[in-house]
Amino acid sequence: MASDDPIQTESGASERLPLLRQDDRDTEDQPAKPNRIINHDDVLSSATRSLTTIGMCLLLIILLDIGLSLLSTGLLQVQEDIVCQKLIHDDPEQQRDCKDKNVQTELSIIQSWQVVFDLLPGLLMAVPIGIIADKYGRSLVLGLSLLGITLSYAFSSAVCAFSNIFPLRFVWFSAIFNFIGGGVTGFSAMIFCIAADLSTEEQRSTTFFYLGAVMLGGAVISNPITYWVMETFGTWLAINMGLFLMALTTVVGFCMPETLKLKQNLSELQPDGEDDSPILRPTMTPTATATATATRHDGTSTINNSYGDVDPALPGTMKGFRLWVTEQISSGSAEARQFLHIIVKQEPRVGLLLLCLLLTTFGRNAQVMLQQYVVAKFQWSWSKAGLLISIQALVSLLLLVLILPAIAQLLLRILSSRDSHTAAQVKDLWLARSSILVQVLGALIIGFAASPGVLIPGVVLQALGSGFNPLVRGIITNLLEGTKNNGDDNDGSGRVEILGLLYSVIAFIETAGSMVAAPLLAVAFRTGLELGRSWMGLPFMVAAGLFGCALVIVGCVKA
């Protein structure tokens, strides 16, 4: 009846005036919802925002590579000078021999333990930061990780600057700051997590290719930049420039547009993605959400921030704070249990592929010994052996930027008759199998090479397999995209939001694998030296075996 419609009759409006005023916001928002769903400007705006976010990620990677190179190289030089000054008491008018055995031994002790201490916070914080990223947002953890890295290097710089007050080994305490956001481990996890949020199934592995290429390119350009700065302006200016770049990356990290809810927002823009809820979720941009407020049914105030959903009521008392902490621990434990349930029961392929990443992490660490292996077996100079690293970097860069993306697009066209999910999975699986196969062949050729002419093709072959890691990341993400949660979920869409936890676990696996693999492969190299020239490549033979195990596992995984 017309009279039942409060908008149609004045009497109805008068009788229901309080209800109208209470729902006035809903009444105004309702007609706008279909407009937003079919509005192409919204789609364009979301695409632009995604490209901007990816661009910021690439900028962060380059700035971080340059900043860390300036800091690590500069601090290494300063620490050598400090150790040299304290251990060698020669005539002050004569130049000290800072390459003395005692100096280098003490410096190696400081550096080796520093690496271990720097990695430990990332290992211990991997799961917590993943849960935090899934609950409060990627940009929060990204910014915190960069803040922790910056404070860590600032502390080390201060110890070196006041070495007359602090023992040099105090730099080990700088690792404490890496508990803020998980350090480099947390940064790597969040970069890949943001890229996964912004990419489709078909293009996710290609996005990871480009991320890997930028990481490799940043590492390549940072070394000559560091050399030029230190030679031109001095060591301490290089350190200060590195700290400035790290501070800049921290600011950029905190300003990163949030991607936690981006997929849901994009789906709401599609005609067939209409939500039954009368109010659309806001686009997750810091400026749009930082000042938005809401009211809960119990009357307590909450704040919509740029890190995800509406926060719980802010605890105003110690009791409220304890309850809040208990809720967070309970929520995090539930998410961790759900993740284990998924990889063990719902989607065991994810667990198998995570095992592949662990095996290939062991294998890839053999590359650290490539120069030493070539110098020992073929009596090359260190500078000549360094050319092999340049060859590897160049081949990997071309592979990630040009070859693999082109092949991926070709395979998608060939598989166009299948649905997009299956096509993406088949494409990534075949590329992953090919990549790990060439790594097996490359490692075998390097390990058994009797001459440099045989060695170099093996180096090139192994570099051609460097797309395996981003491909497996893409496959795992796509598998989890289809996973449904039987209980409550974070975004109300029925899909488990565990990407942050996933990429933190991957970072944990790779970090732990590297820590364990380095000494084991060193033992393998020493064993090879004892067995004779033909067995000097034992680390690469072991790596080939590990790659072979990964090949068998990937071969058994079906799309």
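The values are calculated or read from the model by the stated rules, or taken from the named source; none is laboratory data. The structure displayed is predicted, hence computed values, not measured ones. When we count neighbours, we look across all protein chains shown, and the Cβ atoms used for this are built from the backbone with ideal geometry, even at glycine. In case anyone asks, the SASA skips ligands and DNA or RNA and just uses the protein heavy atoms, side chains included. Shrake-Rupley method; radii C 1.70, N 1.55, O 1.52, S 1.80 Å.
Among (1) free of Cβ contacts under 8 Å to residues at least 24 places away in the same chain; (2) more than 21 Å from Val440 (Cα to Cα), there is one condition His421 misses while meeting the rest; what is its number?
Of (1) free of Cβ contacts under 8 Å to residues at least 24 places away in the same chain; (2) more than 21 Å from Val440 (Cα to Cα), only one is false for His421: (1).
From Leu216, Leu237, Leu211, Leu243, which residue is in a helix (DSSP H, G or I), at pLDDT 85 or above and open to solvent by 50 Å² or more (accessible area, probe 1.4 Å)?
Values: Leu216 fails: open to solvent by 50 Å² or more (accessible area, probe 1.4 Å); Leu211 fails: open to solvent by 50 Å² or more (accessible area, probe 1.4 Å); Leu243 fails: open to solvent by 50 Å² or more (accessible area, probe 1.4 Å).
Answer to the selection: Leu237.
Condition check: farther than 20 Å from Phe547 by Cα and in a helix (DSSP H, G or I). Does Ile407 satisfy that?
On the way: farther than 20 Å from Phe547 by Cα: yes; in a helix (DSSP H, G or I): yes.
Taking the combined requirement at face value, the residue satisfies it.
Evaluate segment 199-209: report whether one residue or more is touching a residue at least 60 places away in the same chain (Cβ under 8 Å) and on the phi > 0 side of the Ramachandran plot.
no
Out of the residues in segment 396-421 meeting the condition of being within 25 Å of Gly217 (Cβ to Cβ) and open to solvent by less than 30 Å² (accessible area, probe 1.4 Å), tell me which one is farthest from the chain's Cα centre (by Cα).
Ala408
Report yes if Ile109 is modelled with pLDDT of 90 or more and open to solvent by 10 Å² or more (accessible area, probe 1.4 Å), otherwise no. So that I can check it myself, show each step before the final result.
Details: modelled with pLDDT of 90 or more: no; open to solvent by 10 Å² or more (accessible area, probe 1.4 Å): yes.
No; evaluated as a whole, the condition is false for this residue.
Assuming Thr361 fulfils every condition listed in (1) polar (S, T, N, Q); (2) open to solvent by 10 Å² or more (accessible area, probe 1.4 Å); (3) within 21 Å of Ala524 (Cα to Cα) apart from one, which condition is it?
Unmet for Thr361, out of (1) polar (S, T, N, Q); (2) open to solvent by 10 Å² or more (accessible area, probe 1.4 Å); (3) within 21 Å of Ala524 (Cα to Cα): (2).
Of the residues that make up segment 152-163, is at least one surrounded by fewer than 20 Cβ atoms within 10 Å (Cβ to Cβ), modelled with pLDDT of 90 or more and assigned to a loop (DSSP other than H, G, I, E, B)?
There is at least one residue in segment 152-163 that is surrounded by fewer than 20 Cβ atoms within 10 Å (Cβ to Cβ), modelled with pLDDT of 90 or more and assigned to a loop (DSSP other than H, G, I, E, B).
So if I check each of Ala443, Ala366, Ala449, which one is buried (at least 17 other Cβ atoms within 10 Å of the Cβ) and modelled with pLDDT under 85? Even if it seems obvious, please write down each step before you answer.
Working: Ala443 fails: modelled with pLDDT under 85; Ala449 fails: modelled with pLDDT under 85.
After applying the criteria, what remains is Ala366.
Kindly indicate whether Asn223 is in a loop (DSSP other than H, G, I, E, B) and not β-branched (Val, Ile, Thr). I'd like the intermediate steps shown before the answer.
Numbers: in a loop (DSSP other than H, G, I, E, B): no; not β-branched (Val, Ile, Thr): yes.
No: the conditions fail for Asn223.
Could you list, in sequence order, all residues of segment 178-190 that are in contact (Cβ under 8 Å) with a residue 40 or more places away in the chain and surrounded by fewer than 24 Cβ atoms within 10 Å (Cβ to Cβ)? Even if it seems obvious, please write down each step before you answer.
From segment 178-190, those in contact (Cβ under 8 Å) with a residue 40 or more places away in the chain are 178-179, 181-190; that's our starting set.
Within segment 178-190, Phe179, Val184, Ser188 meet the criteria.
Being modelled with pLDDT under 85, aliphatic (A, V, I, L, M) and buried (at least 18 other Cβ atoms within 10 Å of the Cβ) narrows it down to one residue among Ala524, Ala517, Ala550, Ala507; which is it?
Working: Ala524 fails: modelled with pLDDT under 85; Ala550 fails: modelled with pLDDT under 85; Ala507 fails: modelled with pLDDT under 85.
Only one candidate qualifies: Ala517.
From Val184, Val127, grab the single residue that is among the aliphatic types (A, V, I, L, M), modelled with pLDDT under 95, in contact with a Ser or Thr (Cβ under 8 Å, 6 or more places away or on another chain) and within 21 Å of Val251 (Cα to Cα). First the steps, then the outcome.
Working: Val127 fails: within 21 Å of Val251 (Cα to Cα).
Checking each option against the conditions leaves just Val184.
Every residue in segment 330-387 that is among the polar types (S, T, N, Q) and closer than 30 Å to Val454 by Cα, please.
First, the residues of segment 330-387 that are among the polar types (S, T, N, Q): 330-331, 333, 338, 346, 360-361, 365, 367, 371-372, 379, 381, 383.
Scanning segment 330-387 gives Thr360, Thr361, Asn365, Gln367, Gln371, Gln372, Gln379, Ser381, Ser383.
Quick check: is even one residue across segment 191-200 modelled with pLDDT of 90 or more, open to solvent by 70 Å² or more (accessible area, probe 1.4 Å), within 24 Å of the chain's Cα centre (by Cα) and within 22 Å of Leu147 (Cβ to Cβ)?
The answer is no, given that none of the residues of segment 191-200 is modelled with pLDDT of 90 or more, open to solvent by 70 Å² or more (accessible area, probe 1.4 Å), within 24 Å of the chain's Cα centre (by Cα) and within 22 Å of Leu147 (Cβ to Cβ).
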